[in-house]
Amino acid sequence: MLKRLFCLVFALGLPAFGQFQNGGQTVLLNLPETSQRAVITQRVGITDITLTYHRPLVNGRKVWGVTVPYGKVWRAGADQNTVIEFTDPVTIEGKELPKGIYGLHTIPGENEWTIIFSKASTAWGSFTYDQAEDALRVTVKPKPADFHEALTYSFDDLKPNEVTVALAWEKLSVPFKIDVDVPHLVQASLKNQLRGLVQFTWEGWDDAATYLLESRGDLQEALKYSDQSIQNEERFDNLLTKSNIQEAMGKKEDAAATKAKALGMAGPLQLHNYGRQLQLSGHQPEAFDVFQKNIKSHPELWYVHSEVARIASSKGDFDAAAKEMKLAAAGAPDYAKPMMERMVKRLESKEDINK
């Protein structure tokens, strides 16, 4: 009876948990599969791309044109459908594809492959494949590749708005490119996210404004988000964000006024961190102006001693700089002491620590 069940399962292609070398399968037990299951996921922007497939082995066979015939629909893996899921709309090789879960099939050729995204994602292999259920077809070129014993999918050439999926098996790779409209999707997502509980915080609106500023998005929208953040709670952080947005919009006077207000609200550590950010972004004179505010108001703080050291170092006064940095090292918390001590050694070697 069980042998007949195994044969029936194999013949009909029913879902199975275990597979035997003689081709029989079991739906009764959880046993290892000959072609083992794999799942890979890549995020592009805020879009998740997940590929689920079974990995057949070459096992000494000639794969292309023999084990996998040319010109016929192939499941692009083993056993159940190879499945690819997109949490947002994407573009495949320049053609649009809605978000969703798709059965991934191919038509291999010696010089060209057809990649098929089928709306039927729960089938067993390509045995019941129906072209009428296609969501999208694209054609791509196969490439020679290093040998892969097990069929492998990978996400390659990752960029902020795109990634390439590559099927590799035996000595062949078949890539197809996925593009994601990240700016559009993020802006739409932000509008939805900011309707939730986060709308009552200053941080959420400030983060949204900062993202649009840094990604060169809609600056008018960024300014609106920044104003809402300030309305929820006026802080150094969101005032500085607003100043940077105004600067990017060419509103120089408004930006200067907003920045002055921000700096007037800043605590000494906020001023220190902001000054260091200015230094690292190549604005050292402006950074030193910020440090001077701290030096005037909080000369006793350990990190303010490091600011004095940096200004002295820039002038070539390494003895004074080393003296101040030793005071910084003495007062620094344990996590910061090693860095301060390294700075002292550099200054004692007559090296400008600002470079």
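The values are calculated or read from the model by the stated rules, or taken from the named source; none is laboratory data. This is a predicted model, so every value here is computed, not measured. Neighbour counts run over all protein chains shown; Cβ positions are idealised from the backbone, glycine included. SASA here: full protein model, heavy atoms, side chains in, ligands and nucleic acids out. Shrake-Rupley method; radii C 1.70, N 1.55, O 1.52, S 1.80 Å.
3J(HN,Hα) couplings calculated from phi for region 62-79 with the Karplus curve 6.51 cos²θ - 1.76 cosθ + 1.60 (θ = phi - 60°) are, in sequence order, 8, 7, 7, x, 10, 4, 10, x, 6, x, 10, 5, 10, 5, 6, x, 9, 6 Hz; Gly and Pro show x. A dipole drawn for the chain from +1 and -1 charges on Cβ atoms has a positive end, and of 294, 318, 202 the residue lying farthest that way is 318.
So what's the back-of-envelope 222 nm ellipticity for the chain, counting only DSSP H runs of four-plus at -39500 (n - 2.57) apiece and dividing by all residues, rounded to 500?
Calculated mean residue ellipticity at 222 nm is -13000 deg cm²/dmol.
Considering only 135, 211, 172, the residue lying farthest towards the positive end of the dipole of region 64-216 is 135, judged by Cα position with unit charges set on Cβ. Across the chain, C-alpha contacts under 8 Å between residues 6 or more apart give a mean separation that, scaled by the residue count, equals a relative contact order of 8 percent. For the chain, the solvent-accessible area works out to 55 Å² per residue, with a probe of 1.4 Å and every protein chain left in place. Considering every alpha-carbon pair of the chain, the percent of pairs per 10 Å bin, from zero through the bin containing the longest distance, is 5, 18, 18, 15, 14, 14, 11, 5, 1, 0. Residues considered: 43, 55, 276. Largest GNM mean-square fluctuation over the chain, using C-alpha springs under 10 Å, is found at 276. Computed over region 209-345, relative contact order equals 12 percent, with contacts defined as Cα pairs under 8 Å that lie 6+ residues apart.
Structure remark: mean-square fluctuation, Gaussian network model of the chain, C-alpha springs under 10 Å; the largest value among 297, 121, 243 belongs to 297. A simple rule links phi to the HN-Hα coupling: the Karplus curve 6.51 cos²θ - 1.76 cosθ + 1.60 with θ = phi - 60°, which for region 282-289 gives x, 10, 5, x, 5, 4, 5, 4 Hz, with x for Gly and Pro. Put a dot 7 Å past the Cα of residue 352, heading toward its Cβ, do the same for residue 58, and the two dots end up 5.7 nm apart. Placing +1 on each Lys and Arg Cβ and -1 on each Asp and Glu Cβ, with no other charges, gives the chain a dipole about its Cα centre of roughly 740 debye. If you model region 232-355 as an ellipsoid using its alpha carbon gyration tensor, with each semi-axis the square root of five times an eigenvalue, the axes come out at 30, 16, 11 Å, biggest first. Over 19 Å between Cα atoms: which of 141/177; 296/350; 323/350; 224/251 fall into that group? Distance filter (> 19 Å) returns 296/350. For residue 334, the accessible area of its heavy atoms, probed at 1.4 Å with every protein chain present, is near 120 square angstrom.
Starting from region 150-252, pick out the trypsin sites (Lys or Arg not before Pro) whose DSSP state is loop and whose Cβ has at most 11 other Cβ atoms within 10 Å.
195, 216
Compute the label zone of residue 70 within region 83-110: residues whose backbone N is under 15 Å from the point 7 Å along Cα-to-Cβ. Residues 107-110 fall inside that zone.
Relative to the dominant Cα principal axis of the chain, helix 302-314 is inclined by about 80°. Taken about its Cα centre, region 267-355 carries a charge dipole of about 100 debye when Lys and Arg each add +1 at the Cβ and Asp and Glu each add -1 at the Cβ.
Among 79, 146, 218, the largest mean-square fluctuation in a Gaussian network model of the chain (Cα springs under 10 Å) belongs to 146. Dipole size of region 140-223 about its Cα centre, with +1 on Lys/Arg Cβ and -1 on Asp/Glu Cβ: approximately 280 debye, rounded to the nearest 20. Between residue 296 and residue 120, the contour length at 0.36 nm per residue exceeds the Cα-Cα span by 56.4 nm. For the set 184, 298, solvent exposure ranked by accessible area (probe 1.4 Å, protein chains only) runs largest to smallest as 184, 298. Expressed as a whole percent, the accessible area of the chain that falls on carbon and sulfur atoms is 52 (1.4 Å probe). With both labels modelled 7 Å from their Cα along Cα-to-Cβ, the residue 28 to residue 341 distance reads 6.9 nm.
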